[in-house]
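Structure record follows, encoded as structure tokens.
The values are calculated or read from the model by the stated rules, or taken from the named source; none is laboratory data. As the structure is a prediction and not an experimental result, all values here were calculated from the model. Note that we place each Cβ from the backbone using ideal geometry, even for glycine, and neighbour counts take in every protein chain shown. Areas reflect the complete protein model, heavy atoms only, side chains present, ligands, DNA and RNA absent. Shrake-Rupley method; radii C 1.70, N 1.55, O 1.52, S 1.80 Å.
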Amino acid sequence: MIRFSTLGMMLFLAGCGGVHGFKGDTRHVPRIAPMATGPISTACLTSDRKARSRALCGCIQAVANETLSGSEQRRAVQFYSDPQSAQDTRQSNRSGDERFWRAYTAYSERADLICR
């Protein structure tokens, strides 16, 4: 009986790749980026940027859903068609603009990490 349990354990471990089957290196494991639809995704897809794609724009929207409120997303959409408005917001001294810019910067840094 002990032999059967030992044999069963050995077969189980062999099926898992044994002791050296996973070394914790995830550089070659394909990542699956999140996807969502919404105002930022739509603006991204209709923009004239070369790098736009359904996958990239959907990922950017998914990150926006996690980090920006609905009103912040609607405000960020404007930046796709009017990049000067982003510059104006960034340079503004109004406290509301400064708060929004901090949130927008955190969102864009996170999207850059996740959606590359």
Scan of the stretch 63-116 for residues that are open to solvent by 40 Å² or more (accessible area, probe 1.4 Å), among the hydroxyl-bearing types (Ser, Thr, Tyr), closer than 18 Å to SER41 by Cβ and in a helix (DSSP H, G or I), ordered by number: THR67, SER71, TYR80, SER81, TYR104, SER108
Filter the stretch 47-62 for residues that are outside any helix (DSSP H, G or I) and touching a helix residue (DSSP H, G or I) at 6+ places or on another chain (Cβ under 6 Å); which is modelled with the lowest pLDDT? ARG52
Matching residues in the stretch 34-46 - criterion: being modelled with pLDDT of 90 or more, open to solvent by less than 70 Å² (accessible area, probe 1.4 Å) and either closer than 17 Å to PRO83 by Cα or in contact with a Cys (Cβ under 9 Å, 6 or more places away or on another chain) (or both): PRO39, ILE40, SER41, ALA43, CYS44, LEU45
Search result, residues across the stretch 61-94 that are under 19 Å from ILE114 (Cβ atoms) and of a type in the set (A, V, I, L, M): ALA62, VAL63, ALA64, LEU68, ALA76
Looking at the structure I just gave you, is LEU11 at pLDDT below 95, part of a helix (DSSP H, G or I) and open to solvent by 70 Å² or more (accessible area, probe 1.4 Å)? yes
